[in-house]
Amino acid sequence: LSAIPGGLPQMTTELFSFLLSEIEISRPVLQKKMASEILARTRLTDEQLKFLSIKIAEVGPMELTTLLSAFDNSTSEPLILQLIQSLGRSKSLSSLRPEHLKPRFAKFSPVVQTQKDALIALITVDVAEQKSRLETLFIQTKGGDVRRGQTIFNSTKAACSTCHAIGYLGGQVGPDLTSIGTIRTELDLLESIVFPSASFVRSYEPLRVTTQQGDDFLGIIESDSPETLVLVTGPETQVRINRSDITDLRPGPISLMPQGLDQQLTMPELADLLAFLKNTK
């Protein structure tokens with residue numbers, strides 16, 4: 001994957017099939033990320049977009065937002081309607097926000113707008129509904145197994161260790177979880193998994209930056225100087241922005257950790273992961 005340049009002018013059938021296989025849930029996180037970015041930056045044929053619009057229902061939350069960019073230049077209403085139907089079936093749907101959908105579908109007919117509005121209604125959860133879901137899950141995730149939870153933490157399915165460290169192992173994108181069990185209750189931990197944007201750990205608050213070129217970045221500050229701002233935007237991904245290019249800088253409302261992990265895991269797996277995190281002391 002690292003040998004394939006992003007933004008290919010066109011894509012062969014063989015390469016397209018290979019990239020589709022690389023965005024499977026079971027593939028390593030960085031491979032899924034790279035494959036998704038290549039697909040998103042390449043001008044795909046209508047037939048390839050049709051296949052991708054079906055496949056998108058099966059991808060994980062970390063890839064879903066990226067892959068939506070592949071459809072930005074499409075003017076095919078049947079294709080966009082197929083995409084909306086697939087998104088409605090996706091277990092990763094809750095990782096999307098209305099702002100991911102509204103601009104992309106604005107140019108289409110009222111038929112598409114109606115379907116888009118119905119899709120947005122599925123991902124718009126008010127505070128009372130969120131609290132109710134959290135309380136229900138809390139009851140259902142008792143009695144997890146710590147050892148199995150550690151396996152899930154390090155698995156490609158949950159991908160927790162890609163961004164979080166425990167001890168000397170793991171990523172540095174998110175907070176270190178070495179002693180998280182001593183400072184967070186089980187309910188707090190569950191909320192951070194299911195609704196990661198509900199609250200942010202100090203020094204890991206997301207920042208939204210808009211530039212003169214019209215680019216919009218969401219990330220966590222890696223370094224800041226009078227000349228340059230460096231944001232961590234994901235696993236193994238940083239962006240360096242000249243201060244003179246910034247037109248707007250404000251707190252980001254959305255965590256870098258995508259919502260929807262609870263939909264990727266079974267209830268026993270979620271219980272095991274919660275037990276493991278609570279046991280880290």
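Rounded to the nearest 0.05, what FRET efficiency do Val201 and Ala121 have when you use their Cβ-Cβ distance and R0 = 35 Å? E(calc), rounded to 0.05, equals 0.70. Couplings for the range 213-227, taken from phi via the Karplus curve 6.51 cos²θ - 1.76 cosθ + 1.60 with θ = phi - 60°, read 7, x, 6, 10, 10, 10, x, 10, 5, 8, 7, 9, 9, x, 9 Hz in order; Gly and Pro are left as x.
Here the simple spin-label model places points 7 Å from the Cα toward Cβ, and for Arg43 and Gln140 these points are separated by 4.6 nm.
Every helix of 4 or more DSSP H residues in the chain counts as -39500 (n - 2.57), and over all residues that averages to -13500 deg cm²/dmol at 222 nm.
Taking the Kirkwood radius as Rh and the Cα radius of gyration as Rg, the chain has a ratio of Rg/Rh equal to 0.96.
For Asp245, Asp216, the sequence from fewest to most other C-beta atoms within 10 Å is Asp216, Asp245.
Each label was represented as a point 7 Å from its Cα along the Cα-to-Cβ direction; for Ile183 and Glu236 these points are 2.9 nm apart. Near Ile152, once Lys and Arg are set to +1 and Asp and Glu to -1 for all other residues with Cβ below 13 Å from its Cβ, the sum equals -1.
Using a cutoff of 8 angstrom between alpha carbon atoms and counting only pairs six or more residues apart, the relative contact order for the range 11-169 works out to 20 percent. Using a/c under 1.5 as the rounded threshold, could you call the range 195-248 rounded, prolate or oblate? The axes a ≥ b ≥ c are square roots of the C-alpha gyration tensor eigenvalues, and prolate needs a/b larger than b/c, oblate otherwise. Cα axes put the range 195-248 in the prolate bin. Taking every alpha-carbon pair in the range 77-187 and binning the separations at 5 Å intervals from zero gives 2, 9, 13, 15, 14, 14, 12, 10, 6, 3, 1 percent.
Computed over Cα pairs, the Kirkwood radius of the range 120-185 leads via Stokes-Einstein (0.692 mPa s, 37 °C) to a diffusion coefficient of 231 µm² per second. Considering only Cα atoms, the convex hull volume of the range 162-263 works out to 112 Å³ per residue. Note on the chain: dipole from Cβ charges, positive end direction compared against Leu231, Gln115, Ile221; the farthest Cα belongs to Gln115. What does the charge count around Leu261 come to, taking other residues whose C-beta lies under 14 Å from its C-beta (Lys +1, Arg +1, Asp -1, Glu -1)? Every neighbour counted, the sum reads -2.
Fewest neighbouring Cβ atoms within 10 Å first, the residues His164, His100 line up as His100, His164.
If you fit an axis through the alpha-carbon atoms of helix 110-123 and take the longest principal axis of the Cα set of the chain, what angle between them do you get, 0 to 90°, nearest 10? Value to nearest ten degrees: 10.
For the range 189-225 versus the range 57-94, the spacing of their alpha-carbon centroids is 23 Å.
Magnitude of the charge dipole for the range 207-251, about its Cα centre and with charges confined to Cβ atoms of Lys, Arg (+1) and Asp, Glu (-1), is about 100 debye. Solvent-free Debye calculation, one equal scatterer per alpha-carbon of the range 13-123: log10 I(q)/I(0) at 0.10, 0.11, 0.13, 0.20 Å⁻¹ equals -0.25, -0.31, -0.43, -1.04. The simple spin-label model puts a point 7 Å past each Cα toward its Cβ; for Lys131 and Asp248 those points are separated by 3.2 nm.
Every read-out reported here was derived from the displayed coordinates using simple, explicitly stated rules and does not represent laboratory data. As the structure is a computational prediction, the values presented were derived from the model and not from experiment. Counting neighbours? That spans all protein chains shown, and the Cβs are built from the backbone with ideal geometry, glycine included.
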